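Structure, as structure tokens:
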Amino acid sequence: MTQLPTPEAVQASFNGVVLTNDGTRFILKQDGRRFKVRLERADPMPPGQAIPEPVEAELGLVTGSHHMQVFWIPSGQGNAQVGFPFTWLIPEKRWVPRNSTFIRPPDFVHRPEMWNVICSRCHSTGPEPRMDSVARRLDTRVAELGISCEACHGPAERHVIARKAAPKDSPPSAEILANEIVQPAKLDAKHSAQVCGFCHSMKWIPNTERWVDHGFSFRPGDDLEATTPIIRATATNRPPTLAEFLNRNPDTLNDFFWSDGMMRVSGREYNGLLESACNNGGKLSCISCHSLHDSDPDDQLARNRTDHRACTQCHEQYREEAFVLKHTHHQAGSSGNDCYNCHMPHTTYGVLKAIRSHQITSPKVASDLATGRPNACNLCHLDRSLEWTSLKLSEWFGQRPPTLTADQKTVPESVRLAWAGDAGQRVLIAWHFGWKPALETSGTYWIPAALAPLLTDEYAAIRCVTGRSLQAWPEFYPTGYDYTQPIRDLETASSKTLMLWRTQSPPTASSPNLFNPQDPSAYETTWIRLKSARDNRLMRLRE
């Protein structure tokens with residue numbers, strides 16, 4: 001999560017790299033085991049003003065190791081660490097402006113984050129910012145950088161002393177260990193999940209907590225709600241101070257939640273757990289599915305929880321394959337037969353990708369129409385309309401078909417959202433256009449044409465995700481395309497991809513009607529109509 005910038009930790013390129021941002025040139029170099037950046041003026045100074053002296057700084061911290069790496073530079077205010085304005089994308093192995101990695105309005109002015117009071121909360125263990133607001137200095141301390149043992153098991157001093165003093169040939173009883181150290185697996189489901197929820201939630205930090213002075217008072221095993229209440233979009237019993245804050249900042253909830261209160265940004269999985277019916281029985285917790293010690297480190301799913309077994313530990317009737325097939329109406333072994341593709345679809349966004357919702361629900365066209373959230377069925381059946389989904393859910397589960405527009409009846413729902421949806425919808429669909437289970441279900445011939453308009457989307461992050469999906473068809477990828485360039489320099493990208501697609505791709509019987517390269521009129525008229533109806537409200541998703 002956060003490390004010292006050592007050669008073993010840093011994946012980014014530093015030798016001979018020169019980056020420019022907002023009138024400043026950044027010259028990167030590695031000096032032995034240290035990583036440095038030289039800051040100098042890139043643009044000419046106004047007449048009569050002296051050119052400021054270059055400044056050299058040594059990187060202080062690095063955050064991330066799976067998707068991207070973010071770097072931090074000492075600010076000179078005590079040990080404060082401010083964000084370097086570029087991010088290293090691990091899949092592409094390249095530097096990009098930090099602002100281009102978020103769903104933010106195109107003209108959003110990036111302000112450097114301060115690690116000590118923003119990121120330390122969840123990217124370190126036992127953080128104490130120790131902010132002196134008068135002297136404007138920080139003397140931050142952490143128990144450990146990153147997420148270490150005590151983040152989940154609590155303070156271990158008593159445990160270490162006791163185990164060192166105990167005879168080696170006399171293992172302690174479970175009761176003795178329980179008095180020395182916290183074992184999340186031995187806690188009840190509520191308190192076990194709260195151990196993870198301390199970081200993986202959207203919570204309110206009251207002024208009485210004064211965490212910037214001495215750190216958080218919560219310890220594993222405590223009641224999280226007692227010190228930092230969880231913000232639930234639909235809750236009416238909010239603390240007065242939180243209610244006042246939300247009244248002054250009404251857009252805050254829109255930056256985190258779908259309109260019905262489901263989380264739409266990553267890192268708040270505990271909020272989803274709380275809203276799930278499976279949690280109401282008091283059995284479900286994070287470690288029902290996840291394991292930090294016995295899992296692939298990427299998603300931390302326990303090795304025996306990567307399939308139906310994650311669900312059948314409670315829903316025992318679904319251990320019988322015949323019962324599952326009758327319920328899912330999909331073939332055995334297909335993606336539509338997997339519980340989580342229907343009940344935990346990828347409707348959450350973060351780190352330039354779609355992520356599974358951790359609020360366990362069932363597909364309902366009426367609910368998705370009310371919220372704008374993509375329907376789970378249409379995230380796999382990319383080539384199908386919302387009406388098709390509505391009729392299937394009516395036939396299989398008795399859902400009442402809602403009233404639909406002409407486009408919802410005839411246009412593939414993925415295309416409708418990709419071309420007419422808001423920025424959050426568009427980025428989710430762009431990712432699903434590259435999702436292997438969806439491509440196996442929906443066919444691939446038409447996908448590059450559906451992606452083409454998003455290559456010049458106003459939001460840089462959408463262009464990034466679109467480019468990643470389109471790379472599955474390198475023959476249609478526009479030469480020299482760079483999603484970080486200004487829109488005016490990318491105007492021909494869409495037309496290049498469409499031209500290549502129309503000259504090289506034969507139609508197939510299963511393709512949506514509007515994707516016929518020999519008759520582009522249906523495509524063009526649909527694109528113009530949906531683009532004119534696009535939801536262009538400015539969005540900032542705070543992952």
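The values are calculated or read from the model by the stated rules, or taken from the named source; none is laboratory data. It should be emphasised that the depicted structure is a prediction, and the values quoted were computed from it without experimental measurement. Note that we place each Cβ from the backbone using ideal geometry, even for glycine, and neighbour counts take in every protein chain shown.
What's the number of the only condition in (1) in contact (Cβ under 8 Å) with a residue 40 or more places away in the chain; (2) under 29 Å from Gly350 (Cα atoms) that Leu28 fails to meet?
(1)
Scan Ser124, Ser100 and give me the residue that is within 30 Å of Ala174 (Cα to Cα), under 25 Å from the mean Cα position of the chain (by Cα) and polar (S, T, N, Q).
Ser124
Looking only at residues in region 188-208 that are at pLDDT 95 or above and in a loop (DSSP other than H, G, I, E, B), which one is nearest to Ile118 (Cα to Cα)?
Taking the candidates together, the pick is Cys199.
Output the number of residues of region 210-249 satisfying the condition of being part of a helix (DSSP H, G or I) and either at pLDDT 90 or above or surrounded by 20 or more Cβ atoms within 10 Å (Cβ to Cβ) (or both).
Here is the first cut: in region 210-249, the residues part of a helix (DSSP H, G or I) are 211-214, 224-226, 240-248.
With the extra rule that they be either at pLDDT 90 or above or surrounded by 20 or more Cβ atoms within 10 Å (Cβ to Cβ) (or both), the set shrinks to 211-214, 224-226.
Number satisfying all stated conditions: 7.
Looking at Ser414, Ser362 in this structure, which one is of a type outside the set (D, E, K, R), closer than 19 Å to Cys342 by Cβ and surrounded by 19 or more Cβ atoms within 10 Å (Cβ to Cβ)? Show your work before the answer.
Numbers: Ser362 fails: surrounded by 19 or more Cβ atoms within 10 Å (Cβ to Cβ).
One residue alone meets the criteria, Ser414.
Just checking, how many residues over region 12-30 are assigned to a loop (DSSP other than H, G, I, E, B), surrounded by 13 or more Cβ atoms within 10 Å (Cβ to Cβ) and touching a strand residue (DSSP E or B) at 6+ places or on another chain (Cβ under 7 Å)?
Going through region 12-30 one residue at a time, the tally reaches 2.
Hey, any hits in region 171-183 for a residue that's more than 26 Å from the chain's Cα centre (by Cα), within 30 Å of Pro5 (Cβ to Cβ) and aliphatic (A, V, I, L, M)?
no
Scan region 89-99 and tell me whether some residue there is at pLDDT below 95, surrounded by fewer than 16 Cβ atoms within 10 Å (Cβ to Cβ) and either assigned by TED's automatic domain parsing to the domain that holds Gln30 or more than 27 Å from Gly480 (Cα to Cα) (or both).
Taking every residue of region 89-99 in turn, none turns out to be at pLDDT below 95, surrounded by fewer than 16 Cβ atoms within 10 Å (Cβ to Cβ) and either assigned by TED's automatic domain parsing to the domain that holds Gln30 or more than 27 Å from Gly480 (Cα to Cα) (or both).
Can you pull out the residues in region 419-474 that are among the aromatic types (Phe, Trp, Tyr) and farther than 29 Å from Gly333 by Cα? Give the derivation first.
First pass over region 419-474, keeping only residues among the aromatic types (Phe, Trp, Tyr): 419, 431, 433, 435, 445-446, 459, 473.
Trp419, Tyr459, listed by residue number.
Please tell me if Gly424 is modelled with pLDDT of 95 or more, among the small types (Gly, Ala, Ser) and not in a helix (DSSP H, G or I). Explain how you work it out, then say what you get.
On the way: modelled with pLDDT of 95 or more: yes; among the small types (Gly, Ala, Ser): yes; not in a helix (DSSP H, G or I): no.
The answer is no for Gly424.
Please list, ordered by first then second residue, the pairs with beta carbon atoms under 7 Å, 6 or more apart or interchain, first in region 219-231 and within 26 Å of Phe256 (Cα to Cα), second β-branched (Val, Ile, Thr) and in a loop (DSSP other than H, G, I, E, B).
The qualifying pairs are Pro220/Val182; Thr228/Ile205.
Filter region 359-403 down to residues that are of a type in the set (A, V, I, L, M) and free of Cβ contacts under 8 Å to residues at least 60 places away in the same chain and give me whichever is nearest to Asn254 (Cα to Cα).
Keep residues of region 359-403 that are of a type in the set (A, V, I, L, M), which gives 360, 365-366, 369-370, 376, 379, 382, 386, 391, 393.
Still in the running and free of Cβ contacts under 8 Å to residues at least 60 places away in the same chain: 365-366, 369, 376, 379, 386, 391, 393.
On the way: Val365: 21, Ala366: 20, Leu369: 17, Ala376: 21, Leu379: 22, Leu386: 24, Leu391: 31, Leu393: 29 Å.
Of everything passing the filter in region 359-403, Leu369 is nearest to Asn254 (Cα to Cα).
Conditions (1) over 29 Å from Cys286 (Cα atoms); (2) in the same structural domain as Asn99 (by TED's automatic domain parsing), marked per residue:
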site	(1), (2)
Val117	no, yes
His123	no, yes
Arg136	yes, yes
Cys152	no, no
Pro155	no, no
Ile161	yes, no
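Check whether at least one residue in region 165-181 is surrounded by 18 or more Cβ atoms within 10 Å (Cβ to Cβ), part of a loop (DSSP other than H, G, I, E, B) and free of Cβ contacts under 8 Å to residues at least 40 places away in the same chain, and report yes or no.
Within region 165-181 (the criterion being surrounded by 18 or more Cβ atoms within 10 Å (Cβ to Cβ), part of a loop (DSSP other than H, G, I, E, B) and free of Cβ contacts under 8 Å to residues at least 40 places away in the same chain), the answer is yes, since at least one residue qualifies.
Mind checking which pairs have a first residue in region 63-90 that is over 15 Å from Ile118 (Cα atoms) and a second that is acidic (Asp, Glu), Cβ under 6 Å, 6 or more apart or different chains?
These pairs meet every condition: Gly78/Asp139.
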